[in-house]
Amino acid sequence: MKAYNPELDHLRYANHVNNFLIGGFAGVIGTIVILPVDYVKVKIQGLAEGHRGDYEKPLHFAQRILKEKGIKKFYSGIHPAIHRQAIYSTTRIGLYKTLSDHDKEHSGQPTIPFVKKAFYSIFSGGLASFLVNPLDLTMVRLRYDHKQYSGIFDAQRKMIKEEGIFTFWKGSVPTILRAMIINFTMLATYDESNEHFMTSFEENPSHRFFSSVLAATLSCIVAMPFDNIKVKYQRMEIGPDGTFKYKGFIDCVRKSLKSEGFWRLYTGFPLFVMKLAPHVVITLLTMDLLHHLIDPYTARSLKYNK
């Protein structure tokens, strides 16, 4: 074990801050790029809910919205989306990177075992999702029934008044599970793949791209059913009889399978891939690029300021 060196305190702190700031910024960039696809995905999943038959195809729906309401409609939720990502990615990426860095420093090894990557990524993703769930739920409501609300604060005020403050964590189970899975398949897979390339081949920037594509592919396949259930569960409101459509996460899964079939959990999968895959790739590559540019500068600045 390496002896504690107090002279490294400032550098450790600066690197931890970099982890969180870079993670949040990279997530925001990815979100801005894929926001129109996310808008269409949520709408299509809503149209398909409770039906086994045909539903409006994503491309036709997007063309109709573009013609009727213009391109701004696809960015109707951009402000809460950026706010959400600033909290979510800052926490899930920053915490994962910081825990990993601390483990490496403690062990004196350049890498950590995959099981630790899995634990750190799952824990970070779950915590980030719990913190951001109120904003996540508000965004879904605004997308699905924007006429009922004038904005994010109006939506939250009405939701608290009509459903209680704990409604902000309604749907937290599928949301947190989804976040854990995505964070695991995204961050742990990416780091493990990069390490494999580094030990097996000469350093090449394309390896990071291939690793990000692999992480994106696994994230899409595994997370899609949880995303479908999450959207349904978060979108439900109190019915005329004073009850919710679903009693809980398991009830939502059961009713969805019964009324729609298993493969309808993959409704809008092409759109989900178009949304999540670029977001994962853009976020990971942006994160790596910023660390490559900023971390050495941080170390030099601290050295010169001594």
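Values in this text are rule-based calculations from the coordinates and carry no lab data. On a predicted model such as this, the values are computed, not experimentally measured, just so you know. Because the Cβ atoms are built from the backbone with ideal geometry, glycine has one as well, and the counts that use them run over all protein chains shown.
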Mean Cβ-within-10 Å packing, highest first, puts peptides 186-194, 265-273 in the order 186-194, 265-273
Highest mean packing first, using Cβ neighbours within 10 angstrom, the peptides 208-215, 276-283 sort as 276-283, 208-215
Sorted on mean Cβ neighbours within 10 Å (highest first), peptides 195-205, 13-23, 120-130 come out as 120-130, 13-23, 195-205
Length gained, residue 263-residue 72, 0.36 nm per residue minus C-alpha separation, equals 65.5 nm
In this structure, among 170/245; 41/72; 43/232; 43/230; 147/230, pairs with alpha-carbon gaps over 19 Å are 147/230
If one compares the long axis through the Cα atoms of helix 249-260 with the longest principal axis of the Cα atoms of the chain, the angle in degrees, nearest 10, works out at 60
